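Structure first, then comments.
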Amino acid sequence: MLWALHVSGAGDHPERVDWLIHGLHQPGRDLPTGFYDGAHGIAHALWVLGRPDEAVELVDRARAVDPDGLGGSLYGGLSGIGLNLLSFADRCDSAAYRDEADQIATTLYADGWRSASGPGPKRSTPLTSPPRPA
C-alpha cells in the first residue's frame with residue numbers, strides 16, 4: 001500500500017514506513033520470502049520509498065532462507081524472487097545478486113517453467129516462429 005500511494009502521487013508516509021520497518025525487526029517474525037507475499041516485495045517497496053539500507057538488509061535476510069519448495073510463481077516463488085534480485089543487482093551493482101538471479105533462472109528453466117502461467121512443455125529447440133509457407 002505504501003508503494004502504491006507513493007507511485008500514484010498520493011504522498012509519502014514516513015511514519016508508516018518506520019512502523020513497517022519496526023515490525024520487520026520484531027523477534028519471532030516469520031516472513032514469507034516472495035515478491036507479492038513477503039520480503040522481496042517489501043524490500044522493493046522500501047527501496048522505492050527511499051530506504052535502500054533497510055531494503056538491502058531485507059533482501060539479504062530473505063536470501064538466507066532455503067528456497068526449496070517455493071515453486072516458480074511470480075507471486076510467492078522463484079520467479080518473483082529472481083526478478084527482484086536482478087533489480088537489486090543493478091541497483092547495488094552486486095555480482096552476488098546477479099549470480100543468484102541467474103541460478104534461479106537456470107533452476108526454473110530446468111524445472112520446465114516456460115511462461116507466467118506455469119509449467120510449459122519442454123522444448124529442445126528455440127522458441128521461434130514457424131517458417132511461412134512459400
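Going through region 1-61, which chymotrypsin sites (Phe, Trp or Tyr not before Pro) have at most 16 other Cβ atoms within 10 Å and a DSSP loop state?
The qualifying sites are TYR36.
Just want to confirm a number: the relative contact order over region 1-110, from Cα pairs under 8 angstrom separated by 6+ residues, in percent. Kindly include the intermediate steps, with their values, before the conclusion.
Values: 118 pairs, mean separation 22.8, N = 110.
Worked out over region 1-110, it gives 21 percent.
Taking all protein chains as they are arranged and a probe of 1.4 Å, the heavy atoms of ASP93 leave approximately 130 Å² accessible to solvent. Take 82-88, 68-74, 95-101 and order them by the average number of nearby Cβ atoms within 10 Å per residue, most first; the result is 82-88, 95-101, 68-74.
The values are calculated or read from the model by the stated rules, or taken from the named source; none is laboratory data. What you see is a predicted model; the values in this text were computed from it and never measured. Reconstructed Cβ throughout: ideal geometry from the backbone, glycine too, with neighbour counts over all protein chains shown. All accessible areas refer to the heavy atoms of the entire protein, side chains included, with ligands and DNA or RNA removed. Shrake-Rupley method; radii C 1.70, N 1.55, O 1.52, S 1.80 Å.
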